[in-house]
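Below you'll find the structure, written out as structure tokens, and then a few comments.
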Amino acid sequence: MMINKTLFLTYVYLFIYILLSSGVILYNKWVLSPKYFNFPLPITLTMIHMAFSGAVAFFLVRVFKIVTPVKMTFEIYATCVVPISAFFASSLWFGNTAYLHISVAFIQMLKALMPVATFIMAVLCGIDKARCDVFLNMLLVSVGVVISSYGEIHFNIVGTVYQVTGIFAEALRLVLTQVLLQKKGLTLNPITSLYYIAPCSFVFLFVPWYLLEKPVMEVSQIQFNFWIFFSNAICALALNFSIFLVIGRTGAVTIRVAGVLKDWILIALSTVIFPESTITGLNIVGYAIALCGVVMYNYIKVKDVRASQLPVESIPDRITKDWKFEKKSSDIYVPDNIGDNEGSSGGNGTAFDMKIDEETPLISSSRLFHIGRTQLTNQYATGK
């Protein structure tokens, strides 16, 4: 039986995404951990990523002219790109620092809090309103994470605070993307977002690096292997483009299922590669409870987005088909609808509740592209 070529390529891209996403996270842990490569300088590692991604974007935009830059004014850059870059840099800094204190498996469990953080930030910023069904899901996720934390053998309050702070910084960055950048009508693809955001994030990271890590580098014998850091940055870049390919070929349900599968694979792999990462039964129970809340929340948001994109009279017919997983090839992945309340201004789709890999700075840049693309598409479709 001949396999459909499009379907085959979709699964290949999903496999590559899962492989690269897991690989980059494990690679970062290996580089930063004092027990392995012993480069305990997370800000420096993040700045290397920012410098590399910014340089690649510059050559693609200005030298090879493969991508055309958007019309970026100083006012837009100062009021939109700068604050977004600040929280972007903060989320990467805190997320990478967590690797020095807690295991990869426990970090993945804590990342289940991402929907909770984004929902809270969206409500506080006035672009979403509290809903009973969403609140119950958030409560379920929080209870699961608390149970998982209680069952963590090597629980470290410092690492946990760093990771949770990074999650909330990333959530605020995504909300600011909605509030600031999209209202200007800008659409950034993965390359142009790197072109504008990476250099600014590098500058923000320079201050904490100068105060916290530069003195350490001057007195300590820190090994620096060019090929290690170069290959690490290359993997992050490849991951960014793999996400871009997956977004264009799959639906919301499919990519969420792939994300859940990736998390379980990553947790299992981390216990094999890093033997000190011990998982208890309470860890698994807590994470399973949190995951149930995340899955239920994702289902609600996907259903809301699909309903909001159809004429009112066709909604009942669509609801009866909500369990259908596969979508038409033209039905591009639409992120979650954080602005689905009637009072929001034209926002029918954002990626706020997607779990972001803070360790891989290039991922979030691709998020920025499809957030803007979806937002503008919805505005044109609804006439808002």
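Does region 168-191 contain at least one residue that is in contact (Cβ under 8 Å) with a residue 60 or more places away in the chain, touching a Lys or Arg at 6+ places or on another chain (Cβ under 6 Å) and not aliphatic (A, V, I, L, M)?
yes
For region 119-138: of the residues being in a helix (DSSP H, G or I) and touching a residue at least 24 places away in the same chain (Cβ under 8 Å), which is farthest from residue 286 (Cα to Cα)?
Checked region 119-138; the qualifying residue farthest from residue 286 (Cα to Cα) is 122.
Out of all the residues in region 98-111, which are open to solvent by 10 Å² or more (accessible area, probe 1.4 Å) and of a type in the set (S, T, N, Q)?
103
Restricting attention to region 69-96, and to residues there that are without any contact (Cβ under 8 Å) to a residue 12 or more places away in the chain and not basic (Lys, Arg), which single residue is nearest to residue 198 (Cα to Cα)? Working first, answer last.
The initial filter retains those residues of region 69-96 that are without any contact (Cβ under 8 Å) to a residue 12 or more places away in the chain, namely 71, 73-75, 78.
Those left that are additionally not basic (Lys, Arg): 73-75, 78.
Working: 73: 17, 74: 17, 75: 18, 78: 14 Å.
Taking the candidates together, the pick is 78.
Please state which one of 228, 222 is of a type in the set (A, V, I, L, M), in contact (Cβ under 8 Å) with a residue 12 or more places away in the chain and not in a helix (DSSP H, G or I).
222
Looking at 11, 27, 77, can you tell me which residue is in contact with a helix residue (DSSP H, G or I) (Cβ under 8 Å, 6 or more places away or on another chain) and more than 18 Å from residue 190 (Cα to Cα)?
27
Does any residue of region 242-262 turn out to be in a helix (DSSP H, G or I), under 23 Å from residue 45 (Cβ atoms) and polar (S, T, N, Q)?
Looking through region 242-262, at least one residue is in a helix (DSSP H, G or I), under 23 Å from residue 45 (Cβ atoms) and polar (S, T, N, Q).
Being under 27 Å from residue 97 (Cβ atoms), at pLDDT below 90 and under 24 Å from the mean Cα position of the chain (by Cα) is true for just one of 291, 266. Which residue is that? Break it down into steps so the answer makes sense when it comes.
Working: 266 fails: at pLDDT below 90.
Selected residue: 291, the only one of 291, 266 that is under 27 Å from residue 97 (Cβ atoms), at pLDDT below 90 and under 24 Å from the mean Cα position of the chain (by Cα).
Output the number of the condition that residue 35 fails; it satisfies all remaining conditions of (1) surrounded by fewer than 17 Cβ atoms within 10 Å (Cβ to Cβ); (2) touching a Leu at 6+ places or on another chain (Cβ under 9 Å).
Result: residue 35 passes all but (2).
What's the total number of residues in region 61-74 that are touching a helix residue (DSSP H, G or I) at 6+ places or on another chain (Cβ under 6 Å) and modelled with pLDDT of 90 or more?
Residues flagged as touching a helix residue (DSSP H, G or I) at 6+ places or on another chain (Cβ under 6 Å) and modelled with pLDDT of 90 or more within region 61-74 amount to 1.
Every residue, every condition in (1) within 22 Å of residue 209 (Cα to Cα); (2) in contact with a strand residue (DSSP E or B) (Cβ under 7 Å, 6 or more places away or on another chain); (3) polar (S, T, N, Q); (4) buried (at least 21 other Cβ atoms within 10 Å of the Cβ), yes or no:
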site	(1), (2), (3), (4)
17	no, no, no, yes
40	yes, no, no, no
46	yes, no, yes, yes
59	no, no, no, no
84	yes, no, no, yes
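Given the conditions (1) farther than 15 Å from residue 88 by Cβ; (2) not in a helix (DSSP H, G or I), report the number of the one that residue 188 does not fulfil.
Of everything listed in (1) farther than 15 Å from residue 88 by Cβ; (2) not in a helix (DSSP H, G or I), residue 188 misses just condition (1).
Filter region 146-166 down to residues that are under 20 Å from the mean Cα position of the chain (by Cα), touching a residue at least 24 places away in the same chain (Cβ under 8 Å) and open to solvent by 10 Å² or more (accessible area, probe 1.4 Å), then give me how many there are.
4
Read through the list (1) open to solvent by less than 40 Å² (accessible area, probe 1.4 Å); (2) of a type outside the set (Ser, Thr, Tyr); (3) under 20 Å from the mean Cα position of the chain (by Cα), then give the number of the only condition that residue 120 fails.
(1)
The values are calculated or read from the model by the stated rules, or taken from the named source; none is laboratory data. Here the structure is a predicted model, which is why all the values come from computation and not from measurement. All Cβ positions, glycine included, derive from the backbone under ideal geometry; neighbour counts span all protein chains shown. Please note that ligands, DNA and RNA were not included when accessible areas were found on the heavy atoms of the full protein model with its side chains. Shrake-Rupley method; radii C 1.70, N 1.55, O 1.52, S 1.80 Å.
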